[in-house]
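The values are calculated or read from the model by the stated rules, or taken from the named source; none is laboratory data. These figures come from a predicted structure and were not determined experimentally. Cβ placement follows ideal geometry from the backbone for every residue including glycine, while neighbour counts extend to all protein chains displayed. To get the accessible areas, we keep the full protein, side chains included, count just its heavy atoms, and leave off ligands, DNA and RNA. Shrake-Rupley method; radii C 1.70, N 1.55, O 1.52, S 1.80 Å.
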Amino acid sequence: MELMNIDRKATRSRVDRFFKNDLQYYLLRYGYSLHDLVDGIPKEPINEASIIYQALRTCKPLYRTLIEKYYLDGELVWQIEQELHISHNSICRLRIEAICQFATNLVALQEFHKIEPVLDLRAMKHE
C-alpha cells in the first residue's frame with residue numbers, strides 16, 4: 001500500500017496510542033523492554049517484538065532517530081528540535097513521515113513473515 005493513501009493525522013494518533021499504551025505488552029510478552037528496541041532484538045525467532053524492532057530499524061535513519069527520541073527516550077519535541085537543529089515545522093512534518101513509514105514497514109514485515117492477525121496502525125483515506 002502506498003504512503004499516498006494513508007491518512008497521516010489519523011495514523012499518527014494510532015501510532016501514538018501504540019507506543020504509549022500497547023508497545024510494552026508486545027515487548028514484555030517476549031521478555032524485552034523499551035531499551036531493547038534501541039539496543040537490539042534478535043531477528044530469530046520471528047515474533048511481534050522482533051517484527052516491531054525490524055520495522056523501526058528499516059525506517060530511514062532520521063525517521064528512526066525521531067521515533068526513538070520521542071517515543072522511547074521520552075524527549076519533548078522542542079528538545080529534539082534543538083538537538084537535531086530542525087525547525088518546529090520541519091520536525092512536525094518529519095515526525096508524521098516517520099510514523100507513516102514505521103506503520104507501513106510494520107505491516108509489510110508481518111505480511112512477509114506471515115504473522116497473523118496483522119497489526120495495522122495505518123489509517124487509510126476514504127475516497
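Which residues does the label zone of Asp39 cover in the stretch 71-101, counting backbone N under 20 Å from a point 7 Å along Cα→Cβ? It comes to 71-75, nothing else.
So if I take the centroid of the Cα atoms in the stretch 15-52 and the same for the stretch 65-127, what is the distance between those two points in Å? Answer, in whole Å: 15. Just checking the listed ones, Phe19, Phe102, Phe112: in the Gaussian network model of the chain with Cα springs under 10 Å, the one fluctuating most is Phe112. Over the stretch 38-127, accessible surface divided per residue gives 55 Å², non-protein components excluded, 1.4 Å probe. Of the residues Asn105, Asn21, Asn47, the one that moves most in a GNM of the chain with alpha-carbon contacts below 10 Å is Asn21. Ligands, DNA and RNA left out, the 1.4 Å accessible surface of the chain is 51% carbon and sulfur atoms. Taking the Cα centre of the stretch 76-127 as origin and assigning +1 to Lys and Arg Cβ atoms and -1 to Asp and Glu Cβ atoms, the resulting dipole is close to 60 debye.
If you run the Gaussian network model on the chain, springs between alpha carbon atoms under 10 Å, then out of Asp39, Asp73, Asp22 the most flexible one is Asp39. Quick one: compute the contact order of the chain, relative version, from alpha carbon pairs under 8 angstrom and 6+ residues apart, as a percent. About 39 percent, as a whole number. Are there any GluC sites (Glu not before Pro) in the stretch 70-107 that are in a DSSP loop and have at most 11 other Cβ atoms within 10 Å? List them by number. Sparse-neighbourhood loop GluC sites (Glu not before Pro): none present.
Computed from label points 7 Å out along Cα-Cβ, the spacing between Asn21 and Lys60 is 3.0 nm. Annotation note: trypsin sites (Lys or Arg not before Pro) in the stretch 52-127 located in DSSP loop regions with a Cβ neighbour count of at most 11 within 10 Å are Lys114, Lys125. Counted residue by residue at 0.36 nm each, then reduced by the alpha carbon distance between them, the extension gain from Glu75 to Asp7 reaches 22.0 nm. Here the chain is treated as a Stokes sphere of Kirkwood radius computed over C-alpha pairs; at 20 °C and 1.002 mPa s its diffusion coefficient rounds to 144 µm²/s.
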